[in-house]
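Asks: Dropping a structure here in structure tokens format, bear with me for questions.
The values are calculated or read from the model by the stated rules, or taken from the named source; none is laboratory data. Just so you know, these numbers come straight off a predicted model, no measurement behind them. Please note: Cβ atoms are built from the backbone with ideal geometry, for glycine as well, and neighbour counts cover all protein chains shown.
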């Protein structure tokens, strides 16, 4: 059981990793920060009863992200486009990585969550099922559907499933 004094230590120690997970779910740093902030706020209220803090906050991240997607949450849209600096010529690794994340970004929310948790976080099927509050068979079928969609994009699956 975690006490409130350990909450600050947990936030300081794990925020960077949780922010990366939030980013992989949202594909937007601003939204990722909002998602993490909201998830940590929810965790604060439940903190005294939390048994496994990181697993609990990760689950809150996924369920909050899913609820945003279900509500079709509309975020602020910037008015001015700021051009990105193009990658230097010959940086194939960077271009391939960007193509991979663009393809993952086009997946439906649940499939994206499964891909992030299974392949980026390297969690077993049972843990992903527990975090997403579903059956292991659902995780497996969502993974299969996600990989099938990614196969449409050239050689993306090779990055995930050699």
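Asks: Can you tell me which residue within segment 2-23, out of those that are within 14 Å of the chain's Cα centre (by Cα) and surrounded by 13 or more Cβ atoms within 10 Å (Cβ to Cβ), is farthest from residue 115 (Cα to Cα)?
Replies: Narrowing segment 2-23 to residues within 14 Å of the chain's Cα centre (by Cα): 15-23.
In the following step, the residues that additionally are surrounded by 13 or more Cβ atoms within 10 Å (Cβ to Cβ) were identified as 15, 18-23.
Details: 15: 21, 18: 16, 19: 16, 20: 14, 21: 11, 22: 13, 23: 13 Å.
Selected residue: 15.
Asks: Do we find a residue being surrounded by fewer than 12 Cβ atoms within 10 Å (Cβ to Cβ), modelled with pLDDT of 90 or more and not in a loop (DSSP other than H, G, I, E, B) anywhere in segment 109-129?
Replies: Start the filter on segment 109-129 by keeping residues that are surrounded by fewer than 12 Cβ atoms within 10 Å (Cβ to Cβ), which leaves 122, 126.
From what is left, the residues that are modelled with pLDDT of 90 or more are 126.
Narrowing further to those that are not in a loop (DSSP other than H, G, I, E, B): 126.
Yes - at least one qualifying residue is present in segment 109-129.
Asks: Still on this model: Any chance segment 146-161 includes a residue that's modelled with pLDDT of 90 or more, outside the structural domain of residue 19 (by TED's automatic domain parsing) and either more than 20 Å from residue 26 (Cα to Cα) or surrounded by fewer than 19 Cβ atoms within 10 Å (Cβ to Cβ) (or both)?
Replies: Keep residues of segment 146-161 that are modelled with pLDDT of 90 or more, which gives 146.
Restricting the remaining residues to those that are outside the structural domain of residue 19 (by TED's automatic domain parsing) gives 146.
Next, from what is left, pick out any that are either more than 20 Å from residue 26 (Cα to Cα) or surrounded by fewer than 19 Cβ atoms within 10 Å (Cβ to Cβ) (or both): none.
The answer is no; no qualifying residue exists.
Asks: Turning to a different aspect of this structure: Yes or no: residue 26 closer than 15 Å to residue 63 by Cβ, touching a residue at least 40 places away in the same chain (Cβ under 8 Å), buried (at least 18 other Cβ atoms within 10 Å of the Cβ) and outside the structural domain of residue 105 (by TED's automatic domain parsing)? Walk me through it before giving the result.
Replies: Working: closer than 15 Å to residue 63 by Cβ: yes; touching a residue at least 40 places away in the same chain (Cβ under 8 Å): no; buried (at least 18 other Cβ atoms within 10 Å of the Cβ): yes; outside the structural domain of residue 105 (by TED's automatic domain parsing): yes.
Spelling it out, it is not the case that residue 26 is closer than 15 Å to residue 63 by Cβ, touching a residue at least 40 places away in the same chain (Cβ under 8 Å), buried (at least 18 other Cβ atoms within 10 Å of the Cβ) and outside the structural domain of residue 105 (by TED's automatic domain parsing).
Asks: Using the structure shown, decide if residue 80 is more than 15 Å from the chain's Cα centre (by Cα), modelled with pLDDT under 85 and not assigned by TED's automatic domain parsing to the domain that holds residue 22.
Replies: Working: more than 15 Å from the chain's Cα centre (by Cα): yes; modelled with pLDDT under 85: yes; not assigned by TED's automatic domain parsing to the domain that holds residue 22: yes.
So residue 80 passes the test.
Asks: Can you report the number of residues in segment 1-23 which are touching a residue at least 24 places away in the same chain (Cβ under 8 Å), farther than 30 Å from residue 100 by Cα and assigned to a helix (DSSP H, G or I)?
Replies: 4
Asks: I would also like to ask the following. Of everything in segment 130-145 that's in a loop (DSSP other than H, G, I, E, B) and without any contact (Cβ under 8 Å) to a residue 40 or more places away in the chain, which residue is surrounded by the fewest Cβ atoms within 10 Å (Cβ to Cβ)?
Replies: Of segment 130-145, the ones in a loop (DSSP other than H, G, I, E, B) are 133-135.
Pick out the ones that are also without any contact (Cβ under 8 Å) to a residue 40 or more places away in the chain and you get 134-135.
Numbers: 134: 15, 135: 11.
The qualifying residue surrounded by the fewest Cβ atoms within 10 Å (Cβ to Cβ) is 135.
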